[in-house]
Amino acid sequence: MSSATQRRVFLVAALLVAAVALGVISMGGIGENLVYFWTPAQVHENASKAVGATIRMGGVVQADSVDWQPDTQALTFTVGESAVDTATPITVHAQSAPPQMFREGIGVVVEGTMTDAGTFRADKVMVKHSNEYRAPTDGMAPADLYATVEEL
Amino acid sequence: MDGMIDGGWGFVWAAYGITWAVLLGYLVTLVLPGRLSPPGS
Amino acid sequence: MTRVFAMTLTILRKDLLVEWRARAQAVALLGFAAVVLLLFSFAVGPDSTMLAKHAGGYLWLALLLASTLLLGRSLQTEVETDALEALLLAPVPPAALFYGKALANAGLLVMVALVAVPVDLAITGAGIVENPVLLALIVVLGAAGIAAPGTFYAALTARIDGRQLLLPLLLFPLVVPALLASVKATSLVMTGDPMEQLPGWIALLVCFDAIYWSLCGLLFEKVVDG
Amino acid sequence: MKSPLAIVGLIFVVLGMLATAAGHWIGLFVAPPEAMMGDVGRILYVHVPTAWAALIFFMVAFVAAIGSLWSGWRGFDAATTGAVEVGTVLTFLLLIQGSIWARPTWNTWWTWDPRLTTSAVLAAAFGVVLLMRRLIDQPAKRQMATAVATIIAFVDVPVVYFSVKWWASLHQQASTRASMDSVMGLPLGVAALGMLVMGTGLMLLRTKVELVRLAHEADAPELPPTAAPLRLDDPAGGDPTLDEAT
């Protein structure tokens, strides 16, 4: 091959490799394995590994489960797979003031660890907002808007 | 709920204020004398 | 085509030979990596669970810091003696020059890791690695991920006055994806993988390596021409 | 100030600022508070346009950098600088706004979420390109280095864009028409358009500033070589014309 042809082959080959790699990163299923958080069901599946290790758990705050004691800063609530989850809800204990958006039926991500008692001890409570932006309406069910966490 | 971290307008004003201040400040640095035309011309 | 490969190997052999002749410097580099690891453990203090948890992160930060010294030297001989022009006139294709040098740097970085990994495991008490082959694979892939953009930016900054400052500044943001994948994968090998994320991180690392090695090789011609 | 580039740039900045201000006005005082986030949700109207504009200017910088590397034309060099600088300013603003938004909504100023991490890396990668320009004296070498570093930094842009899809992320997915009430889409659209026009104006002004600086530098009498070692190539020109030999 002549030198000019070689350079052209190299140019095409290098661009192809870069494009394929970028394509695999963006299209391939790599991301599916890299989890930012576990859902309550996944925490149950991996119960033995979740105790002691720092993990994040994402889910929906269950109705009538929030207990907030302003004087002791103790926050207790139950996180389930979806808005009404009867199978896998996990009780979370936290020692921090809940953020403004925190309420029943909203998506949350908690960071902390599972205790031997089967409850989650959270160092950090974060509210996950979906990509929905809605004007408030009368009698609106907040849970309807928070589909993102449930889809996972 | 009592004692919650409250959002509200403070955060909104901070976000908008910083954005506009930086963008206007950046504009001023660009139109300073001598920057858009060579000095002495 | 075979000529380009032969040239690449010649450059690789030349650089490794130069490095071998100045092996006192290479030994100093090993010492540097070990000292950095020691400093990390001082900074964190005696909290052993904390140390063990972050063993992967310390290892890669030590390797990254050592790499800036290694890479800064990589083209210095050629630039100081004006041998770069001579090499290109020879003519060595720029791509062969890049791949030869990048391979040499990756190899040297792996060598630093050979010392740094045991030191890291000993200091942090991360314990015995169950799968040393997998760890070796991650080290090689991660070293490649630092070496390709590192060699590239070393050439770019070779004749700039502030290069000691500029090389790490340019390199660090760029290698963050590869570094992140390396750190995650190493930590998972060292401390267990409850979420089974290891294959994903290694695949990501391979992809970033492919991007760096192709794109940097492609653009290297422009860099040495200037 | 007589240059058409500067005049067009100023017109764009003024028009863009008016549109952005109008969008922000509607967003702040006309649109209702967001159902879940309340008034804090209004940060949307400044945050999302900033993000879109920043990514678009990095894309412009990428294209200009390829042109600059390919043609060697000084105008592309100045345009690359302008686009990179505007994009970097916007990205830093983006991080600040996001942080202010995250505190009341996520209950944290900063978390090592993929979207946040990659955005911070983006700001650093392009910020360093600007820093590097200041450290190189030779115009040809500086143009090449700027273009090359911009192209490589741009690799991070798709990573930022896809980061919310790759990893289960705390950051919300990109909003679409369907996921947003039209009463909120209007101020967002107006502000985004305004931000884009304003950014284009700022980029044109910055490009003009850079062109003036480059022309001034080219006109200046060449300094004699300092105590640098004797080289084959001309220290002022920086073009050893050795490349044709390969």
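The values are calculated or read from the model by the stated rules, or taken from the named source; none is laboratory data. What you see is a predicted model, and the numbers here were worked out from it, not measured in a lab. All Cβ positions, even for glycine, are placed from backbone atoms using ideal geometry, and neighbour counts span all protein chains on display. Surface accessibility is based on the protein's heavy atoms, side chains included, excluding ligands, DNA and RNA. Shrake-Rupley method; radii C 1.70, N 1.55, O 1.52, S 1.80 Å.
Just a few scattered comments:
- Where labels lie 7 Å past Cα in the beta-carbon direction, separation of residue A:4 and residue A:91 in nm: 7.9 nm
- Whether segment D:1-150 is rounded, prolate or oblate, judged on the alpha carbon gyration tensor where a/c under 1.5 counts as rounded: oblate
- Solvent-accessible area lost on pairing B with D (1.4 Å probe, both sides summed) amounts to about 2900 Å².
- Per-q log10 I(q)/I(0), chain C, q = 0.10, 0.11 Å⁻¹ (Debye; single scatterer per alpha-carbon; no solvent): -0.45, -0.55
- Segment C:1-120: equivalent-ellipsoid semi-axes (sqrt of 5 x gyration tensor eigenvalues, Cα, Å): 35, 14, 11
- Inter-probe distance in nm under a simple model that places probes 7 Å from Cα toward Cβ, at residue C:133 and residue C:26: 2.7 nm
- Using a 1.4 Å probe over protein heavy atoms, the accessible area lost on pairing D with A, summed over both chains, comes to approximately 3200 Å².
- Taken along the Cα-to-beta-carbon direction at a fixed 7 Å, the label points for residue C:43 and residue D:11 span 5.3 nm.
- Helical contribution to [θ] at 222 nm, DSSP H n ≥ 4, -39,500 (n - 2.57), averaged over chain C, rounded to 500: -29500 deg cm²/dmol
- Pairs spanning more than 30 Å between alpha-carbon atoms, out of C:14/D:141; C:101/C:184; C:101/D:208; D:141/D:208: C:101/D:208.
- Computed with the Debye formula from one identical point scatterer per Cα of segment C:65-122, without solvent, the log10 of I(q)/I(0) at q = 0.21, 0.24 Å⁻¹ comes to -0.84, -0.98.
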